[in-house]
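Q: Here it is, the structure, as structure tokens.
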Amino acid sequence: MRVLFVGGTGIISSACARTALEQGIDLYLLHRGKTTRREAPPGAQLIQADIGDRRSVERALGDLTFDAVANFVAFTPDQVERDVALFQNRALQYLFVSSASAYHTPPRRLPITESTPLYNPYWQYSRNKIACEELLLRAYREHEFPITIVRPSHTYDPTLLPMHGGWTVVERMRRGKPVIVHGDGTSLWTLTHHEDFARGFVGLLGNDGALGEAVHITSDEHLTWNQIYEAVGHAAGVEPKLLHLPSEVIAAYDPDFGASLLGDKAHSMVFDNTKIRRLVPGFRAQIPFSEGVRQIIAWYDAASERRVFDPNVDRLFDELVEARRRAMPE
């Protein structure tokens, strides 16, 4: 197969690119030529153009056509509308990377399936993804645009810590300072290693059964946020001090942080992966978070410049700790 990735060096797309090449796919990466944290994998053919400039993309692609095109960096309806026009006659399949945060929030029932309604009044990012999906479904129904919608949940690689604040949280743990966990820490969350996601995603490329379908790809491991923070602390060699605050209180102090909680992480999210296993027989997530978090801490500890401590985040957490102390004195 000849496949084009728009992107290819991100957290999700880098693993998908490597897996596609390992499976013998003739892979092209469309990118802007800017330096990124992850290098393009050897064997991929690089096409330099700005996806936001349709004419430059058309010139760069020439007369190339593809069995599948996957866009990992489309977030708004205007970007998706551009892709429909650009790839209508160039691709036998167009894969849109959406988000599991588009599912009804808070969820009415678990586990989440692909038939769960899309509705998220809390987070603009999710509403934009929903609008993109709706546009693509219209293009599929009215113009036979060959779509496949893929909804990752919280997907990580060795460079990404799963909580707001990133390395600053680990540094606080190592300094013996308390870290804030939203709610009571018992809501369930699903973390998926990017290599596991890639095995499912690449199985959808050129897959006729996936045309016109939406499918999520996640791990089957479900952890509480207390367990997630504890796993991070243990990988970092410390016993973390966890303090709990309602997500609404956190949102009052930091609206962006709060939106990511109320619109996503504050609610239990457990997924039924029957559909991806049907479309990609043999798919199964294999990397537990206990292994993945050791990779993360090792990556940060390998180079001091990666361990960026943000004093503004640290100050916010101190304020939240004080708010918790005032609300719930010992």
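Q: Restricting to the range 89-137, name every residue that is part of a strand (DSSP E or B) and more than 18 Å from F197 (Cβ to Cβ).
A: Passing the criteria: A91, Y94, L118.
Q: Can you name the condition, by its number, that E39 falls short on among (1) at pLDDT 95 or above; (2) not in a strand (DSSP E or B)?
A: All conditions are met except number (1).
Q: Can you name the helices (runs of 4 or more DSSP H) wholly within the range 209-279 that have at least 1 residues being closer than 30 Å to R138 by Cβ? Reasoning before the result, please.
A: Working: elements: 225-235, 247-253, 255-260, 274-279.
Here the list reads 255-260, 274-279.
Q: Could I ask something else about it? Would it be correct to say that K177 is modelled with pLDDT of 95 or more and assigned to a loop (DSSP other than H, G, I, E, B)? Break it down into steps so the answer makes sense when it comes.
A: Values: modelled with pLDDT of 95 or more: yes; assigned to a loop (DSSP other than H, G, I, E, B): yes.
Considered against the rule, which asks whether it is modelled with pLDDT of 95 or more and assigned to a loop (DSSP other than H, G, I, E, B), K177 comes out as yes.
Q: For the range 14-34, enumerate the residues that are surrounded by fewer than 20 Cβ atoms within 10 Å (Cβ to Cβ) and among the aliphatic types (A, V, I, L, M).
A: L21
Q: Still on this structure: So if I check each of A285, A298, A266, which one is surrounded by fewer than 15 Cβ atoms within 10 Å (Cβ to Cβ) and in contact (Cβ under 8 Å) with a residue 40 or more places away in the chain?
A: It is A298.
Q: I would also like to ask the following. Please verify whether N273 is surrounded by fewer than 19 Cβ atoms within 10 Å (Cβ to Cβ) and either farther than 23 Å from R175 by Cα or in the same structural domain as A323 (by TED's automatic domain parsing) (or both), treating the condition exactly as stated. Please lay out each step first, then the result.
A: Details: surrounded by fewer than 19 Cβ atoms within 10 Å (Cβ to Cβ): no; either farther than 23 Å from R175 by Cα or in the same structural domain as A323 (by TED's automatic domain parsing) (or both): yes.
No.
The values are calculated or read from the model by the stated rules, or taken from the named source; none is laboratory data. What you see is a predicted model, and the numbers here were worked out from it, not measured in a lab. Cβ: placed from backbone, ideal geometry, glycine included. Neighbour counts: every protein chain shown.
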